[in-house]
Amino acid sequence: MLTIPYIICYTFILSSDYYSATALPASSEVSETIQTSEKTLDKWVPPKNISKLFPYYISGFDFDSRPFFVVEIGKWPFRDFIEKGKDLEVLDKYVQQMFYRFEYGGKIYSRPGEENQSDESAGILDWEGFSLVDYAHSPTLKFLLKHFASFQKIQDSHAYGLWINVNAVARSFINLATPVLGNVLERIEIYGTQKSRWIPKVLRRIDKDEIPSWYGGTKDSKEFQPVAIFG
């Protein structure tokens, strides 16, 4: 029996509107956009209202000295923002900048006092909070699919990703995005909502002192200091 998320997914795929907006070669289109503007992406400062609503950070460095990004994507208010219809181009550029940092993070960020020791980056994509409200909204879904295609561009510099707290709706979206994600999925580990299953996987990659307590680290929100905060 099909669940509601899968029914919505199937219906959306069948619509011509979906194909016109997100069918391949969406990845090449996004790559061209990022390539033409990446010279300015690193120095671009987004409006505070954008970075406040869509924060992410570099938690620390993994055991191979890669910068370890954390993106709590499930808490990002995509639908609320997109429905307002304002600053959508700014949000688009903001997400492009995030992927730029994923791609060049190993060359840009290093431990204090050390030279860059890795050309790769890694991190967590936390899906907690991702719901049918976002998934069932056509413009939001198109926006997400468009930018998830960017994972293809950064696949050579994205060492691995730990996608955690993946609920049924998030898994439906990931299944839908599989064609645009491409080979990067080979480097992605997907885990459900049981911390007992994914915390040990996180701690195999990064030291407890480099990650906050809610991901298995030793420091709570008052003590933990990310290497860099974007938002």
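Brief remarks on what is shown
- Of all residues in the stretch 71-94, those that are in contact (Cβ under 8 Å) with a residue 60 or more places away in the chain and open to solvent by 30 Å² or more (accessible area, probe 1.4 Å) total 1.
- Taking residues in the stretch 190-208 that are of a type outside the set (Gly, Ala, Ser), and partners anywhere that are open to solvent by 60 Å² or more (accessible area, probe 1.4 Å) and outside any loop (DSSP other than H, G, I, E, B), the pairs with Cβ atoms closer than 9 Å and at least 6 places apart or on different chains are ILE190/ARG171; TYR191/ARG197; TYR191/LYS201; LYS195/TRP214; LYS208/LYS219.
- Single match in ASP126, ASP119, ASP134 (criterion: closer than 13 Å to ILE73 by Cα and modelled with pLDDT under 90): ASP134
Residue-by-condition table, conditions (1) buried (at least 16 other Cβ atoms within 10 Å of the Cβ); (2) among the hydrophobic types (A, V, I, L, M, F, W, C); (3) part of a helix (DSSP H, G or I):
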site: GLU128; (1), (2), (3): no, no, no
site: LYS142; (1), (2), (3): yes, no, yes
site: VAL166; (1), (2), (3): yes, yes, no
site: LEU176; (1), (2), (3): yes, yes, yes
site: VAL180; (1), (2), (3): yes, yes, yes
site: THR193; (1), (2), (3): no, no, no
site: LYS201; (1), (2), (3): no, no, yes
site: GLN225; (1), (2), (3): no, no, no
site: ILE229; (1), (2), (3): no, yes, no
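Quick grid of which residues meet (1) modelled with pLDDT under 95; (2) surrounded by fewer than 18 Cβ atoms within 10 Å (Cβ to Cβ):
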| residue | (1), (2) |
| --- | --- |
| THR33 | yes, yes |
| LYS52 | no, yes |
| ASP64 | yes, yes |
| PHE69 | no, no |
| ARG101 | yes, no |
| GLY106 | yes, no |
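- Pair list, Cβ < 9 Å and 6+ apart or interchain, from the stretch 42-59 residues that are within 21 Å of TYR109 (Cβ to Cβ) and free of Cβ contacts under 8 Å to residues at least 60 places away in the same chain to residues that are among the polar types (S, T, N, Q) and surrounded by fewer than 17 Cβ atoms within 10 Å (Cβ to Cβ): TRP44/SER37; VAL45/SER51
- Test for ILE211: is it in contact (Cβ under 8 Å) with a residue 60 or more places away in the chain, closer than 28 Å to PRO46 by Cα, of a type in the set (Val, Ile, Thr) and open to solvent by 50 Å² or more (accessible area, probe 1.4 Å): no
- Taken over the stretch 60-70, the criterion of being in contact (Cβ under 8 Å) with a residue 60 or more places away in the chain and assigned to a strand (DSSP E or B) is satisfied by GLY60, PHE61, PRO67, PHE68, VAL70.
- Filtered residues of the stretch 153-164 (kept if buried (at least 21 other Cβ atoms within 10 Å of the Cβ) and under 18 Å from TYR104 (Cβ atoms)): LYS153, HIS158, GLY161
- Subset of the stretch 60-80 (residues that are over 12 Å from ILE229 (Cα atoms) and of a type in the set (A, V, I, L, M)): ILE73
- Residue in the stretch 118-131 that is more than 29 Å from GLN194 (Cβ to Cβ) and free of Cβ contacts under 8 Å to residues at least 12 places away in the same chain present: no
The values are calculated or read from the model by the stated rules, or taken from the named source; none is laboratory data. These numbers come from a predicted model, not from an experiment. Ideal geometry is used to build each Cβ from the backbone, glycine not excepted, and the neighbour counts take in all protein chains shown. Heads up: the accessible areas ignore ligands, DNA and RNA and are worked out on the full protein's heavy atoms, side chains in. Shrake-Rupley method; radii C 1.70, N 1.55, O 1.52, S 1.80 Å.
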